[in-house]
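This report concerns only the one structure given below.
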Amino acid sequence: MASPSNPNHSEPQDRRFLMLFDFDETIISENSDDAAVSVLPGQQLPAWLINSYREGHYHEFSAKIMAYIGDQGVTKESIQAAIEKIPPNPGFVDLFRYLQSHQQDFEMVVVSDANTYFIETWLEHAGVRQLFRKIFTNPSHFDAAGRLVLRPFHSHSCPRCPENMCKQAILQEYVAVREKERGGVGFQRVFYVGDGSNDVCPTQALGAQDTAFARRDYPMHRLLLEMQQSQSAKFKANLVPWASGADIADCLDKIIRET
């Protein structure tokens, strides 16, 4: 279900740090579904489709959006162009440049409730796909009718998360698998970068040496602040709000120099 490792990607076994990134409104400046909607003839969805959204079932809603877009005759090429045009969030180009210059230290993955086509398309166009060892997201493919078909990433038992994806389950499984592959050597620290409410669950698996980078004044930030104020035992990590990629790079640079 995850994308395969990049075959050209060198893989030092001594990388000290693991970085996980959300995609929509974290790496990119908007929701990728909205970019796809923008290529519709009327640039908006009909009310019946909007009203079909059910809380906690965004994946199902997204699948309906893609089916509708395909039924309106929007081509794969048009969708690709719209996705490639989405700007990164401020400072993320510089953040990726920084991480590229410290590739010996950082192993990077994407954990997103978007889909394989959107994420792979954007990262390839931005020239940063090779930085990411894995992409965990909902599988997608274009069918014979030209519609982008989405499938759920996995099933899980977490009561807090959407039925198609628990990011904490993905994080814990990945860390365990990688530790085994690395001969029992775990990561010194784990960093999680996100913005939304579905980015809160994975931060509950972080330890006191780890960092949750939450987009300032977005749901993830507000919810984690509430946890901190209630002194929730579930949240042990450092909370660092970010408004741009520079905030993240500055914090990482400080950690690298101190460890």
Inside the stretch 119-141, can you point out the residues that are in contact with an Asp or Glu (Cβ under 8 Å, 6 or more places away or on another chain) and either in a strand (DSSP E or B) or not basic (K, R) (or both)?
-> T121, W122, H125, R133, I135, T137, N138
The stretch 238-259 residues that are open to solvent by 40 Å² or more (accessible area, probe 1.4 Å), paired with ones that are of a type in the set (K, R) (beta carbon under 9 Å, 6 or more apart) | A243/R215; A243/R216; D247/R216; T259/R16; T259/R189
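Take the conditions over 18 Å from Q80 (Cβ atoms), open to solvent by less than 50 Å² (accessible area, probe 1.4 Å) and among the aliphatic types (A, V, I, L, M) and apply them to L99. Does it pass? Break it down stepwise before answering.
Working: over 18 Å from Q80 (Cβ atoms): yes; open to solvent by less than 50 Å² (accessible area, probe 1.4 Å): yes; among the aliphatic types (A, V, I, L, M): yes.
Yes; evaluated as a whole, the condition is true for this residue.
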Out of (1) more than 16 Å from N115 (Cα to Cα); (2) in contact with a strand residue (DSSP E or B) (Cβ under 7 Å, 6 or more places away or on another chain); (3) at pLDDT below 95, the one F17 does not meet is (3)
Quick one: C166 ticks every box in (1) in contact (Cβ under 8 Å) with a residue 40 or more places away in the chain; (2) open to solvent by less than 10 Å² (accessible area, probe 1.4 Å) bar one, so which box is it?
-> (1)
Would you be able to tell me the number of residues in the stretch 171-227 that are exposed (fewer than 14 other Cβ atoms within 10 Å of the Cβ) and touching a residue at least 60 places away in the same chain (Cβ under 8 Å)?
-> 1
Does the stretch 202-218 contain at least one residue that is of a type in the set (F, W, Y) and at pLDDT below 95?
-> no
Looking only at helices (runs of 4 or more DSSP H) that fall completely inside the stretch 44-96, which ones have 1 or more residues that are closer than 15 Å to V149 by Cβ and polar (S, T, N, Q)?
-> 58-71
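Every residue, every condition in (1) at pLDDT 95 or above; (2) surrounded by fewer than 18 Cβ atoms within 10 Å (Cβ to Cβ); (3) in contact with a Cys (Cβ under 6 Å, 6 or more places away or on another chain), yes or no:
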{"position": "S29", "(1), (2), (3)": "yes, yes, no"}
{"position": "Q43", "(1), (2), (3)": "no, yes, no"}
{"position": "Y58", "(1), (2), (3)": "no, no, no"}
{"position": "G73", "(1), (2), (3)": "no, yes, no"}
{"position": "P88", "(1), (2), (3)": "yes, no, no"}
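The values are calculated or read from the model by the stated rules, or taken from the named source; none is laboratory data. Every value quoted in this text rests on a predicted model; they were computed, and no experiment measured them. Don't worry about glycine lacking a Cβ; one is built from the backbone with ideal geometry, like all the others, and counts go over all protein chains shown. Quick note on the areas: whole protein, heavy atoms, side chains included, nothing else; ligands and nucleic acids left out. Shrake-Rupley method; radii C 1.70, N 1.55, O 1.52, S 1.80 Å.
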